[in-house]
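> Right, I'll just put the structure down here and ask away after.
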Amino acid sequence: MPSIIQVDKIANYTDQDVRIQGWVYNRTDKGKLVFLLIRDGSGFVQCVAFKGDLDETTFDKIMRLPKESSVIITGKVRADKRAPGIPGGFEVGIKEIEILQEANEDYPMSLKEHGVDFALDNRHLWLRMPSQWAVLRIRATVISAMREWLDNNGFINMDTPILTPAACEGTTTLFETPYFDEGMAYLAQSGQLYNEADIFAFGKVYSFGPTFRAEKSKTRRHLTEFWMVEPEIAFCDLDQLMEIEEQFITHIVKRVLRDRQPELKSLGRDLSKLEQIEAPFPRISYDQATEMLGQIRSEVTDLEKKELLQFEWGMDFGAPHETELTGKFVKPVFVYGYPTKVKAFYMEPWPGRPEVCKSVDLLAPEGYGEIIGGSERMSNHDLLLQRIHEHNLPEESFKWYLDLRKYGSVPHSGFGIGLERTVSWICGIEHIREAIAFPRTIKRVYP
Ligand code: ATP
């Protein structure tokens, strides 16, 4: 019996008999020919039933086969440039078919565009569509590339707790849950503070896990549950941090370009844009970015847009600002040295300019905006304690965190990269909710 193959490896089996197990994504009847577009999880391939090759009952069954029926097809692989599919370029001449289950006829997902709510209510089925399948295959490769780079560059994977006693930056944006006799516990919005403890034992670490934010952001860039990779590095200043980030991003994009071309092409992604992503990335200060925005705004004639781009020193960038700024660059751009008051309490002050901190965000090009937030962390005990007081944070909750500055404090830095934002940018998709299998937003916890 011919062996079962994966569709993404079909090129290795030209002119051979194979078996493919999968589902009928689409069926087209052309009289004596029936075309089945079969998906097997690894790809989509056209399988052709020719009346003359099959007995009558089998051909009839194929002609009536409902979409999404599960099948095992035996047939011969032929190279044919015109054959649709992902990767495409091959078709299978059907010799035998085993039908495992004839799907119900009322499959709700059709090839036409669905409204967003309909698609999201049927997310469990929507995942089978080529676009969603491609994005999530790319996501898996991004995860693998992230781990690969960190593991190969001396980082130790440390998992940080999800149930935490206090917030990194206050409790207003946290999901809380009763915790036995201990009062409230909170779902982690970052593992950073724990990573900072870990580096004093391991030097370079990263955590990779789900992150929860209860902030009521309804933008196309915010989820309430997302995945974040947080590397943290001892003996590392802001410049060294930016070098690490640009190497890391370059590696991820190159891996996706190497391993996921068919998926990127099926999404219509402009590969030439990704091919330009190569370290080093441009670096501009927050001050320069402010000037650039002023310049951009002065050239805008549309009054509504002018209003949106309103900006003055001391504000944090919103999506419209990031879109305009990144529009000026083909590569991701670092913006460093934000005003202290828009950033978290633990960031190292800029030498001689206490109103500025050693923070850096990485903004992805083509309007995608922030994918990484990072900084050099404050290493002086007394200054950190002062900041904790200024931010009205409970000192007793940060006792262990302050200890890190008492016993062998060193300059150290780290960053957090949002997985779904990175995937959205690499895939070139509109909305972050498609970059995770089952998105959680402020209006959705189903399915
Ligand atoms: P923003 O200002 O865009 O809401 P942030 O400044 O709160 O983001 P950080 O706390 O620095 O973000 O988090 C690090 C990274 O995590 C961000 O650069 C982004 O990639 C990702 N991230 C943050 N919040 C979200 C969210 N709600 N949904 C998806 N990804 C997020």
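No value in this document is a laboratory result; all are computed from the given coordinates. The shown structure was predicted, so the numbers you read here are calculated from the model rather than taken from an experiment. Note that we place each Cβ from the backbone using ideal geometry, even for glycine, and neighbour counts take in every protein chain shown.
> For a quick check of your reading of the filter: which GluC sites (Glu not before Pro) in segment 248-349 sit in a DSSP loop and have no more than 10 other Cβ atoms within 10 Å?
Passing sites in segment 248-349 are Glu312.
> Could you give me the ³J(HN,Hα) list for segment 435-447, computed from phi with Karplus coefficients 6.51, -1.76, 1.60 and θ = phi - 60°, whole Hz, x at Gly and Pro?
My calculation for segment 435-447 gives 8, 9, 4, 10, x, 10, 10, 5, 9, 8, 10, 10, x Hz in order.
> For the chain, give the magnitude of the charge dipole about the Cα centre (Cβ charges: +1 Lys/Arg, -1 Asp/Glu; no others), in debye to the nearest 20.
1320
> I've got another one for you. With n ≥ 4 as the cut-off for DSSP H runs, can you work out [θ] at 222 nm for the chain, using -39500 (n - 2.57) per run divided by the number of residues, rounded to the nearest 500?
-9000 deg cm²/dmol
> DSSP beta bridges in segment 1-150, what fraction antiparallel, as a percent rounded to 5?
Restricted to segment 1-150, the bridges split so that about 90 percent are antiparallel.
> Now for a different question. Given the pairs Lys51/Lys81; Lys254/Lys341; Lys67/Lys216; Lys218/Lys406; Lys399/Lys443, which span a C-alpha to C-alpha distance of over 32 angstrom in this model?
Lys254/Lys341; Lys67/Lys216; Lys218/Lys406; Lys399/Lys443
> When the Karplus curve 6.51 cos²θ - 1.76 cosθ + 1.60 is applied with θ = phi - 60°, which whole-Hz ³J(HN,Hα) does each residue of segment 94-111 get, with x for Gly and Pro?
6, 10, 8, 9, 10, 9, 7, 8, 7, 5, 4, 6, 9, 4, x, 8, 9, 6
> Another one. Mind checking Rg over Rh on segment 317-427, alpha carbons, Kirkwood formula for Rh?
1.05
> Another question about this same structure. Segment 203-234 to segment 125-146: how many Å between their Cα centroids?
Centre-to-centre (Cα) distance: 19 Å.
> Within segment 186-209, find all residues whose amide N lies under 18 Å from a label point positioned 7 Å from the Cα of Arg147 along Cα-to-beta-carbon.
205-209
> Now for a different question. What residue among Val205, Val300, Val77 has the largest mean-square fluctuation in a Gaussian network model of the chain, using Cα springs under 10 Å?
Taking springs between Cα atoms under 10 Å, the residue moving most is Val300.
> Another question, if that's okay. Would you list Lys406, Lys95 from fewest to most Cβ contacts within 10 Å?
By the 10 Å Cβ count, ascending: Lys406, Lys95.
> Averaged over every viewing direction, what's the projected area of the C-alpha convex hull for the chain? Give it in nm², one decimal, please.
Averaged projected hull area, Cα only: 26.2 nm².
> What ranking of His431, His412 emerges when the number of other C-beta atoms within 10 Å of each C-beta is taken as an exposure proxy, fewest first?
His431, His412
> Among Tyr179, Tyr25, rank each residue by its count of other Cβ atoms within 10 Å, from fewest to most, as a rough exposure measure.
In order of increasing Cβ crowding within 10 Å: Tyr179, Tyr25.
> Can you work out the Karplus-derived ³J(HN,Hα) for every residue in segment 191-207? Use 6.51 cos²θ - 1.76 cosθ + 1.60 with θ = phi - 60°, whole Hz, and x for glycine or proline.
Listing the rounded values in order: x, 3, 4, 5, 4, 4, 5, 4, 5, 6, 9, 10, x, 10, 9, 8, 10 Hz.
> Peptides 111-117, 61-67: what's the order by average Cβ count within 10 Å, highest mean first?
61-67, 111-117
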